[in-house]
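Only one structure is covered here, and it is reproduced in the block below.
The values are calculated or read from the model by the stated rules, or taken from the named source; none is laboratory data. These numbers come from a predicted model, not from an experiment. When we count neighbours, we look across all protein chains shown, and the Cβ atoms used for this are built from the backbone with ideal geometry, even at glycine. Each accessible area value is taken on the protein alone, full model and side chains, heavy atoms only, with ligands, DNA and RNA left out. Shrake-Rupley method; radii C 1.70, N 1.55, O 1.52, S 1.80 Å.
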2 protein chains.
Amino acid sequence: MKCHVFLVSDSTGITAERLAQSLLSQFHEVSFDIRTLRYIDTLEKVTQVCQQIDQVALHSSIKPIVIGTLVDGRLRARLQAANAHVLDIMGAFLTPLEEILGCQATPSVGLTHGQGEQDTYKQRMDAVTYALLHDDGGVQSHYERADLILVGVSRSGKTPTSVYLAMQYGLYVANYPLVEEDLASGELPGVLRPHTNKLFALTILPERLHTIREERRHGSEYASLAQCQHEVRQAEALFRRQRLPICDVSRLSVEEIATRALQQLGIPTRALHP
Amino acid sequence: MKCHVFLVSDSTGITAERLAQSLLSQFHEVSFDIRTLRYIDTLEKVTQVCQQIDQVALHSSIKPIVIGTLVDGRLRARLQAANAHVLDIMGAFLTPLEEILGCQATPSVGLTHGQGEQDTYKQRMDAVTYALLHDDGGVQSHYERADLILVGVSRSGKTPTSVYLAMQYGLYVANYPLVEEDLASGELPGVLRPHTNKLFALTILPERLHTIREERRHGSEYASLAQCQHEVRQAEALFRRQRLPICDVSRLSVEEIATRALQQLGIPTRALHP
């Protein structure tokens, strides 16, 4: 069974995409064809969207599904006219929230940003700059500024996790790759020792690491299964000796690794996206 | 008025965070104290969460709000017992979806990933690696592989936008900083010319660029308002001559810049997060 899904947003569509993924992934038997329609912020654009949906509905065996995150009530009402099952996310929750809070929701599509958001933006950009500068052990001089430091062998997922935490939460995240000398010594590198309370250790199944490294440097000693097994064994022994919080990333997404780090190190966060 | 809000998720909590931000930002008069509780995936953990919420409720003038994205019906039912206004996101939409689709939702919290998600993961990681390699004009040899190339003067937001698009959508995004020579020549650099259909130009108010650069290199010629005005004027003239799609990033978030690029270049996407 194939079902067309339209995500209709007056802004970036990212909230709608996340929510749709959470909801639709519960239906394993259905195959979904998902389209995101962004910046639908006038009655004219909603009307065009409805026409587009109606066209698809004409040629579908089952009615399309629309997941809408429009904040303006007039646009939401217009969207209901589409020949589709319309799930109106804002409508469903703004009314109960108005009742709970005893005040009216004031639509603000979030196109113009106030000073608060400018600060937020700056914080995230500074954090991304920091993550890139301190990627792969690059600059090791500002670890005292770090909110957390990821450690692990090469290609264990440190870089994307650092960048994700910077982007999403404005956190300062450094990462340090454990190299042969570090592993052979069996001790934490000197630069990390003053910061053990900020360390979050990533480990990975040697087989998975082998696959990842093979794609990068096919047939190399670096990518060989034996080398991967050797490095992972030494790294895990080191992490355990130092009693670092350890996360096996083999079957986790970047978001999962990132949020586990926050949880295990007890780092409070405020989501910073607009 | 201050209101405590608990976001309760059986996974990363990122969907709940985004949705909460969309909903709560419509209530300008209320100040929200938001806590995300992640990986709440057993009855025991939900019970602990309820106790935590009840404690806060005891000392609050208004009842806390709970935004839950739990997929397991038993956990959702338990969460309803908290002394709070519970908005059950999954509950609200899974039942209508079951009816529409004519089949049952099968809770899958998304902790274990199948092969499809492994591929997705790999695609995003490869894209992030590509974005970092091709950041700031670094490696200019694989532009034919790029899905899009951001151009703009230094500090106009190219790097975070590239990384965001890679992370969120698995797209290959390069970025090229226009330097003095490029601007003086009034032409696109030779390496970009075969790829004009992939270019997305970022511009920015000179005053804002001045502020951003001042923080990086205080008092420098590079950061001076005159220099910023000069560069932006030349860059915009170049973009117009080349008829590139132009985006003024001065008041936009990274997500907004990224999704506008997708929209204007007509790049189809599939959200890749878990």
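Using a 1.4 Å probe on protein heavy atoms only, how many Å² of accessible area do B and A hide from each other, summed over both chains and rounded to 100?
Numbers: alone 15340 and 15360 Å², together 22810 Å².
Chains B and A together bury roughly 7900 Å² of accessible area.
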Quiz item: Can you give me the pair-distance distribution of the stretch A:59-105, C-alpha pairs, 10 Å bins, whole percents?
Solution: 26, 44, 22, 6, 1
Quiz prompt | Extension gain (nm, one decimal) between B:Arg145 and B:Arg251, 0.36 nm per residue minus Cα-Cα | solution = 35.1 nm
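Just the accessible area per residue of the protein assembly as shown, please: how many Å² with a 1.4 Å probe? All intermediate terms of the calculation are to be shown ahead of the outcome.
Values: 22810 Å² over 548 residues.
That works out to 42 Å² for each residue.
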Practice problem: Pick out, from A:Leu7, A:Leu262, A:Leu94, the residue whose Cα sits farthest towards the positive end of the charge dipole of the protein assembly as shown, with +1 on the Cβ of Lys and Arg and -1 on the Cβ of Asp and Glu. | Solution: A:Leu94
Quiz item: Got a sec? Which residues of the stretch A:38-55 lose 10 Å² or more of accessible surface with every protein chain in place, vs. that chain alone, 1.4 Å probe?
Solution: A:Arg38, A:Tyr39
Practice problem: For chain B, find the longest principal axis of its Cα atoms and tell me its angle to the long axis of helix B:206-216, 0 to 90°, nearest 10. | Solution: 80 degrees
Exercise. Evaluate the Debye formula for the stretch A:215-267 with equal point scatterers sitting on the alpha carbons, no solvent, and hand back log10 of I(q)/I(0) at q = 0.31 Å⁻¹, in q order, two decimals.
Key: -1.08
Quiz item: For A:Gln80 and A:Met1, what is the calculated FRET efficiency with R₀ set at 22 Å and r taken between the beta-carbons, to the nearest 0.05?
Solution: 0.35
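Which order, highest average first, do B:24-34, A:165-175, B:189-199 follow once you tally other Cβ atoms within 10 Å for each residue and take the mean per peptide? The partial results should precede the final answer.
On the way: B:24-34: 15.8, A:165-175: 25.5, B:189-199: 14.2.
Order by mean packing, descending: A:165-175, B:24-34, B:189-199.
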Quiz item: Per the Debye formula with a single identical scatterer at each Cα and no solvent contribution, what log10 I(q)/I(0) holds for the protein assembly as shown at q = 0.09, 0.12, 0.13 Å⁻¹?
Solution: -0.72, -1.29, -1.47
Quiz item: With charges set only on the Cβ (+1 for Lys and Arg, -1 for Asp and Glu), what does the dipole of the stretch A:201-267 come to about its Cα centre, in debye to the nearest 20?
Solution: 240 debye
Quiz item: Can you list the aspartates and glutamates whose alpha carbon is less than 12 Å from that of B:Lys122, not counting same-chain residues fewer than 8 positions off?
Solution: A:Glu215
Practice problem: Using amide H atoms built 1.01 Å from N in the peptide plane, name the residues 5+ places from A:Leu7, or on other chains, whose amide H lies under 5 Å from its own. | Solution: A:Arg35, A:Thr36, A:Leu37, A:Ile67
Quiz item: How big is Rg to Rh over the stretch B:104-262, alpha-carbon atoms, Rh as the Kirkwood inverse-mean-distance radius?
Solution: 1.06
Quiz item: Roughly how crowded by other chains is peptide B:159-168, in terms of the mean Cβ count from those chains within 10 Å of each of its Cβ atoms?
Solution: 5
Practice problem: Along Cα→Cβ, 7 Å out, is where each label goes; now give me the distance between the ones at B:Ser61 and B:Glu215 in nm to one decimal. | Solution: 3.4 nm
Quiz prompt | Ranked by how many other beta carbons lie within 10 Å on average, peptides B:10-22, A:209-221 from highest | solution = B:10-22, A:209-221
Quiz item: How much FRET efficiency would the formula 1/(1 + (r/R0)^6) give for B:Thr129 and B:Arg193, where r is the Cβ-Cβ distance and R0 is 25 Å, rounded to 0.05?
Solution: 0.45
Self-check item: Radius of gyration and maximum dimension Dmax of the stretch A:5-57, Cα, Å
Solution: 12.1, 36
Quiz item: In vacuo Debye scattering of the stretch B:184-274, one point per C-alpha: log10 I(q)/I(0) at q = 0.13, 0.22, 0.25 Å⁻¹?
Solution: -0.55, -1.14, -1.24
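For a quick protection proxy, order the peptides B:228-235, B:136-143 by their average other-Cβ count within 10 Å, most packed first.
Details: B:228-235: 19.1, B:136-143: 13.5.
So the peptides B:228-235, B:136-143, ranked by packing, come out B:228-235, B:136-143.
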Quiz item: Can you list the HN-Hα couplings for the stretch A:247-263, worked out from phi with the Karplus curve (6.51, -1.76, 1.60; θ = phi - 60°), rounded to whole Hz and with x for Gly and Pro?
Solution: 10, 7, 8, 3, 10, 10, 7, 4, 4, 5, 4, 4, 6, 5, 4, 4, 5
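Using a probe of 1.4 angstrom, how much of the accessible area of the stretch B:170-248 is carbon and sulfur, in percent? Provide the component values of the computation, followed by the final result.
On the way: 1970 of 3930 Å².
For the stretch B:170-248, the apolar C and S fraction of the accessible surface comes to 50 percent.
What number, rounded to the nearest 500 deg cm²/dmol, is the helix-based mean residue ellipticity at 222 nm of the protein assembly as shown, given -39500 (n - 2.57) per DSSP H run of at least four residues and division by all its residues?
On the way: 20 runs with 248 residues, N = 548.
Mean residue ellipticity, 222 nm, calculated: -14000 deg cm²/dmol.
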Quiz item: Over the stretch A:1-90, what percent of the accessible surface lies on carbon and sulfur atoms, probe 1.4 Å?
Solution: 48 percent
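Which whole number gives the average, over all residues in B:201-209, of C-beta atoms from other chains lying within 10 Å of the residue C-beta? Could the numbers behind the result be given before it?
Details: counts 0, 0, 0, 0, 0, 0, 0, 1, 0.
Per residue, the average neighbour count from other chains is 0.
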Quiz item: If you plug each phi of the stretch A:11-26 into the Karplus form 6.51 cos²θ - 1.76 cosθ + 1.60 with θ = phi - 60°, what whole-Hz ³J(HN,Hα) values come out, in order, with x for Gly and Pro?
Solution: 9, 6, x, 6, 4, 4, 5, 5, 5, 4, 4, 4, 6, 6, 5, 7
Quiz item: Looking only at Cα atoms, what is the convex hull volume of the stretch A:135-224 per residue, in Å³?
Solution: 106 Å³
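Could you give the size of the charge dipole of the protein assembly as shown about its Cα centre, using +1 on the Cβ of each K and R and -1 on the Cβ of each D and E, expressed in debye and rounded to the nearest 20? Mind showing how you got there, number by number?
Numbers: 54 positive and 62 negative charges, 47 e Å.
Computed about the Cα centre, the dipole is about 220 debye.
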Self-check item: Distant-in-sequence amide H partners of B:Thr203 (H built 1.01 Å from N, under 5 Å)
Solution: B:Cys247, B:Asp248, B:Val249
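Can you give the average number of partner chain beta-carbon atoms within 10 Å of each beta-carbon in peptide B:21-34, as a whole number?
Working: counts 7, 15, 11, 4, 8, 14, 9, 5, 5, 5, 0, 1, 0, 3.
Partner Cβ neighbours, averaged per residue: 6.
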Exercise. Taking each label point as 7 Å beyond Cα in the direction of the beta carbon, state the distances from A:Ala57 to the same residue in the other copies, shortest first, in nm.
Key: 4.1
Quiz item: Hey, how much of the P(r) for the stretch B:10-160 falls beyond 19 Å, as a percent of Cα pairs?
Solution: 68 percent
Quiz item: So how compact is chain B: Cα radius of gyration and Dmax in angstrom?
Solution: 23.7, 68
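Rounding to the nearest 20 debye, state how big the charge dipole of the stretch A:38-177 is about its Cα centre with +1 on each Lys and Arg Cβ and -1 on each Asp and Glu Cβ.
On the way: 11 positive and 14 negative charges, 77 e Å.
That gives the stretch A:38-177 a dipole magnitude of about 360 debye.
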Self-check item: Between helix A:89-101 and chain A: long-axis angle, C-alpha atoms, 0 to 90°, nearest 10
Solution: 90 degrees
Exercise. Apply the Karplus parameterisation 6.51 cos²θ - 1.76 cosθ + 1.60, with θ equal to phi minus 60°, to every residue of the stretch A:183-194 and state each ³J(HN,Hα) to the nearest whole Hz, in sequence, with x for glycine and proline.
Key: 5, 5, 5, x, 10, 5, x, x, 5, 8, 4, x
